[in-house]
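Reviewing the structure listed below.
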Amino acid sequence: MNKLWLIIQREYLSRVQKKSFILTTLLTPLAFLVFFVFVGFIMGYESDEAKKIAIVDEANMLRKAIKDDGNIFFTFPDKPLDSLKAEAARGEINGVLVIPPLSDIQAKEHKLFYYSDEQLSLDVESAIESTIGTRIREYKIAEMNLDPKVVESLRTSIEIDPEPIADDAEDISSMRTAIGAGLGFLMGIIMYMGVFIYGMMIMRSVMEEKTNRIVEVMISSVKPFQLMMGKIIGVGAVGMTQFLVWIILIPLVSILVNLVFGFDPQQMQSPGMGAAAQMDPDDMQGKIMMAMQELGSIDWWVIVPLFLLFFIGGYFLYSSLFAAVGSAIGDDIGESQSLTLPISIPVLIAFYIMMVSVRTPHSTLAVWASIFPLFSPIVMPARLAFDVPWWQITLSLVLLMATVVFFVWLSGRIYRVGILMYGKKVTLKELGKWMFYKN
Amino acid sequence: MENILELTDVVKNYQTTKAVDHVSFSMPKGSIFGMLGPNGAGKTSLIRIITRITRADSGRILINGIPLNDDHPEEIGYMPEERGLYKKMKVGDHLIYLARLKGLSEKAAKDAIHQWMDKFEISDWWNKKVEELSKGMQQKVQFIATVVHRPNLIILDEPFSGLDPINANLIKDEIDHLRQQGTSIIFSTHRMEQVEEICERIVLINRGQNVLEGNVREIKQAQKQNLFRYNLAGEVPAGVLEGKEVIDHTPGSLTLRFTEERDSNIFLKTLVDAGAYVQGFEEILPSLNEIFIRTVQSQGMTIDQPINAPS
């Protein structure tokens with residue numbers, strides 16, 4: 001036990017004290033933020049080219065009044081079309097937009113003509129369409145003598161509020177579903193990345209010990225199983241440390257960036273959501289309040305410990321397998337491909353099931369995948385926010401823990417043979433045989 | 001004399017090969033013991049059993065009269081043939097780590113390591129990373145790691161392979177000191193000539209079997225062929241070689257085999273009386289290498305690999 005502790009300490013400290021670890025741990029949140037801001041900036045990039053467009057409104061539907069849209073400036077010159085075309089050709093204006101009269105006040109489609117030598121960009125085109133469209137709508141409302149308020153009231157925004165059948169059950173809002181899905185997806189991704197990043201880290205480290213030939217010195221002092229477990233636990237602690245730092249750093253950095261640059265990353269992240277921008281500010285406020293309320297109403301005290309349990313289970317399960325594979329291969333990283341593939345496949349399948357499960361958390365696929373131990377560490381966390389029945393959680397956990405014990409034992413059997421085996425190309429079949437070797 | 005190590009009928013089979021085939025031998029406390037045999041004879045398998053890296057299929061192993069158990073690795077210092085260290089660790093931290101895994105407290109480890117590093121005049125390496133050291137420097141560190149916890153039994157597998165002559169001598173000297181303090185040492189090697197002068201007792205292993213065991217001097221005496229070499233200045237007087245078994249005759253040197261040991265002196269007198277000037281006279285004892293080949297052949301066995309094949 002004392003020796004195991006020494007090994008854990010070394011595995012942990014030798015990684016945490018590395019400059020590269022400190023740098024990645026501190027810089028990753030920053031890199032993420034820079035990435036999001038950058039992507040947001042690119043996605044939100046609007047044409048910065050000023051466009052001067054002359055409008056020839058043949059039926060005077062716009063009444064010579066239109067709002068300039070961003071960099072597009074509209075004018076209503078009283079000049080004949082030909083001289084305007086000539087101006088456009090000389091480059092004094094960018095183009096001439098001709099609005100013919102409506103053939104019929106109830107026309108559902110209307111064609112405008114745009115004269116220009118320049119290509120009309122998508123951005124500008126959609127901007128013109130929506131501005132002119134709004135103005136024509138207003139024109140029609142006026143022409144038909146309709147009350148704008150009445151017309152506005154024709155639009156109904158639909159929202160579904162799920163209600164439980166039993167009266168005493170907790171009432172949840174639709175927001176809950178979205179938040180649950182987001183949370184589930186986040187947890188699923190963390191599991192997936194954790195398994196791969198730290199599993200690979202363990203595999204590489206086992207290979208290193210083997211090619212370094214330190215391993216024989218080590219196991220003349222400690223048991224191979226102790227060495228393997230020490231490594232798995234030590235690296236696991238490294239992962240936990242990293243997550244903890246990120247959990248603290250990411251909100252901190254985003255607040256800081258907000259203060260310094262004065263923009264809201266939330267909006268930068270979703271520039272495509274024009275609807276949100278057009279939403280009534282009061283309504284927006286309400287939505288945010290509701291989201292906060294929903295976040296508060298989630299059973300964090302249930303979800304977080306369960307997530308940790310599944311994380312630990314999944315981590316031990318897969319990292320022990322990675323350790324076994326690492327012990328079987330020497331310094332040839334290419335050789336590892338064929339052996340890591342059987343481990344990667346269930347992880348990948350689980351990842352895709354997880355993506356489906358956040359949308360349909362109670363489908364047969366989601367339920368059984370979240371109970372099957374090779375998938376459950378990734379799929380179950382994705383469902384946790386959706387009131388999973390306790391029998392499913394319990395069954396899943398019990399199966400997972402039993403599988404963890406079995407796989408760790410199995411990996412230990414392979415590991416103890418593998419680390420002393422040199423110069424032999426190892427196949428999966430060979431690994432199977434090693435399990436049954438005597439000590 | 002009490003035995004530090006006693007093996008009785010130890011067997012270890014791998015999937016297709018018999019690595020250790022009913023080996024028995026014993027090793028007196030405080031001796032330097034040679035475990036000799038060609039590559040692949042089963043020496044490393046035996047060592048791995050003694051160091052508890054693997055288990056024997058059957059047989060009994062006693063250390064100081066106590067059956068081998070999980071506490072014994074702390075009493076053993078093992079330097080494997082394939083040696084390595086964690087490249088990124090600092091020398092001091094690395095040695096402390098290995099010493100603590102052998103059961104030393106942090107303070108005891110530190111003190112002992114400082115002593116050894118002072119002795120080897122490498123104290124200023126404490127904060128250097130292992131990867132910054134040269135091969136020869138790493139060998140010193142490795143040797144310290146093997147002996148730092150004051151083991152009762154030190155096992156050195158091919159200790160001189162890859163060792164430069166300076167370090168080899170250094171280790172030979174230190175081994176001698178340790179033996180004087182009562183430590184028992186096993187040398188395992190296929191380079192028999194390297195340990196001939198160091199070892200008091202040997203066991204010869206071939207194909208997993210113990211082919212010969214005993215005191216080096218006694219074995220040599222028992223196996224000697226009454227070969228004698230005479231170093232002469234000038235020609236061999238005519239007629240003296242009649243009826244003699246000449247093994248080798250080069251200018252200035254003459255080697256003969258006698259049926260009786262004492263005949264060598266009679267021939268010496270004959271030479272002198274015939275007017276030859278004898279500058280030197282010595283008995284030629286067989287080398288361990290020769291003894292090994294002869295023993296193996298006399299037992300009708302074959303040797304898997306040439307004995308002096310570089311490893």
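The values are calculated or read from the model by the stated rules, or taken from the named source; none is laboratory data. This structure is a prediction, so every number in the text was calculated from the model and none was measured. So basically every Cβ, Gly included, is an ideal-geometry build from the backbone, and we count neighbours across all protein chains shown. Each accessible area value is taken on the protein alone, full model and side chains, heavy atoms only, with ligands, DNA and RNA left out. Shrake-Rupley method; radii C 1.70, N 1.55, O 1.52, S 1.80 Å.
Looking only at region B:18-28, residues that are more than 16 Å from the chain's Cα centre (by Cα) and open to solvent by 10 Å² or more (accessible area, probe 1.4 Å) come to 5 in all. On inspection, residue A:229 passes the criterion of being at pLDDT 90 or above and either part of a helix (DSSP H, G or I) or away from chain B (no Cβ under 14 Å) (or both). Here residue A:18 does not qualify as over 30 Å from residue A:254 (Cβ atoms) and either charged (D, E, K, R) or within 23 Å of the chain's Cα centre (by Cα) (or both).
Okay, residues lined up against (1) away from every other protein chain (no Cβ under 14 Å); (2) over 26 Å from residue B:70 (Cβ atoms); (3) modelled with pLDDT of 80 or more; (4) in contact with a Ser or Thr (Cβ under 8 Å, 6 or more places away or on another chain):
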| position | (1), (2), (3), (4) |
| --- | --- |
| A:211 | no, yes, yes, no |
| A:225 | no, no, yes, no |
| A:233 | yes, no, yes, no |
| A:242 | yes, yes, yes, yes |
| A:246 | yes, yes, yes, yes |
| A:262 | yes, yes, no, no |
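Looking only at residues in region B:70-97 that are free of Cβ contacts under 8 Å to residues at least 12 places away in the same chain and open to solvent by 50 Å² or more (accessible area, probe 1.4 Å), the one that is farthest from the other protein chains (Cβ to nearest Cβ) is B:71. For region B:20-60, a residue qualifies if it is under 25 Å from residue B:219 (Cβ atoms), among the small types (Gly, Ala, Ser) and in a strand (DSSP E or B), and the qualifying residues are B:24, B:26, B:34, B:59.
Selection over region B:53-69 of residues that are surrounded by 15 or more Cβ atoms within 10 Å (Cβ to Cβ), closer than 22 Å to residue B:17 by Cβ and either within 21 Å of the chain's Cα centre (by Cα) or facing chain A (nearest Cβ under 9 Å) (or both) gives a count of 4. With respect to (1) closer than 23 Å to residue B:180 by Cα; (2) more than 10 Å from chain A (Cβ to nearest Cβ), the lone exception for residue B:157 is condition (2). Taking the numbered list (1) open to solvent by 80 Å² or more (accessible area, probe 1.4 Å); (2) outside any helix (DSSP H, G or I) in turn, residue A:129 passes all entries but (2).
So for region A:87-97 (the condition being touching a Leu at 6+ places or on another chain (Cβ under 8 Å), among the small types (Gly, Ala, Ser) and more than 19 Å from residue A:65 (Cβ to Cβ)), does at least one residue qualify? Talk me through it step by step, then tell me what you get.
Restricting attention to region A:87-97, the residues satisfying the condition of being touching a Leu at 6+ places or on another chain (Cβ under 8 Å) are A:93, A:95-97.
Add one more test, that the residue is among the small types (Gly, Ala, Ser), and what stays is A:95.
Of the ones still in play, those that are also more than 19 Å from residue A:65 (Cβ to Cβ) are A:95.
Checking region A:87-97: at least one residue is touching a Leu at 6+ places or on another chain (Cβ under 8 Å), among the small types (Gly, Ala, Ser) and more than 19 Å from residue A:65 (Cβ to Cβ).
Being open to solvent by 30 Å² or more (accessible area, probe 1.4 Å) and over 27 Å from residue A:431 (Cα atoms) holds for only one residue in A:341, A:365, and it is A:365.
Filtering B:292, B:281 for residues that are aromatic (Phe, Trp, Tyr), in contact (Cβ under 8 Å) with a residue 40 or more places away in the chain and open to solvent by 30 Å² or more (accessible area, probe 1.4 Å) leaves a single hit, B:281.
Residues that are of a type in the set (A, V, I, L, M), more than 8 Å from chain B (Cβ to nearest Cβ) and more than 13 Å from residue B:86 (Cβ to Cβ) within region A:1-23 comprise A:1, A:4, A:8, A:16, A:22, A:23, listed in sequence order.
Set side by side, the residues A:118, A:138 differ, and just one is in the same structural domain as residue A:67 (by TED's automatic domain parsing) and either closer than 25 Å to residue A:387 by Cα or part of a loop (DSSP other than H, G, I, E, B) (or both), which is A:118. With respect to the conditions (1) within 23 Å of residue A:146 (Cβ to Cβ); (2) of a type in the set (Asp, Glu); (3) open to solvent by less than 30 Å² (accessible area, probe 1.4 Å), residue A:104 lacks only one, and its number is (3). Scanning region B:181-223 for residues that are at pLDDT 85 or above, farther than 18 Å from residue B:3 by Cβ and basic (Lys, Arg) returns B:207, B:217, B:220.
Using the structure shown, decide if residue B:113 is over 18 Å from residue A:212 (Cα atoms), away from chain A (no Cβ under 14 Å), of a type in the set (Val, Ile, Thr) and assigned to a helix (DSSP H, G or I).
Values: over 18 Å from residue A:212 (Cα atoms): yes; away from chain A (no Cβ under 14 Å): yes; of a type in the set (Val, Ile, Thr): yes; assigned to a helix (DSSP H, G or I): yes.
Taking the combined requirement at face value, the residue satisfies it.
Each row is one residue, and each column tells you yes or no for (1) at positive phi; (2) crowded, with 21+ Cβ neighbours inside 10 Å.
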{"residue": "B:127", "(1), (2)": "no, no"}
{"residue": "B:133", "(1), (2)": "no, no"}
{"residue": "B:137", "(1), (2)": "no, no"}
{"residue": "B:159", "(1), (2)": "no, yes"}
{"residue": "B:162", "(1), (2)": "yes, no"}
{"residue": "B:176", "(1), (2)": "no, no"}
{"residue": "B:180", "(1), (2)": "no, no"}
{"residue": "B:189", "(1), (2)": "no, yes"}
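Total residues in region B:98-112 satisfying the condition of being in contact with a strand residue (DSSP E or B) (Cβ under 9 Å, 6 or more places away or on another chain) and open to solvent by 40 Å² or more (accessible area, probe 1.4 Å): the figure is 0. Take the conditions (1) within 11 Å of another protein chain (Cβ to nearest Cβ); (2) at pLDDT 90 or above; (3) in contact with a strand residue (DSSP E or B) (Cβ under 7 Å, 6 or more places away or on another chain); residue B:46 misses just one of them, which is (1).
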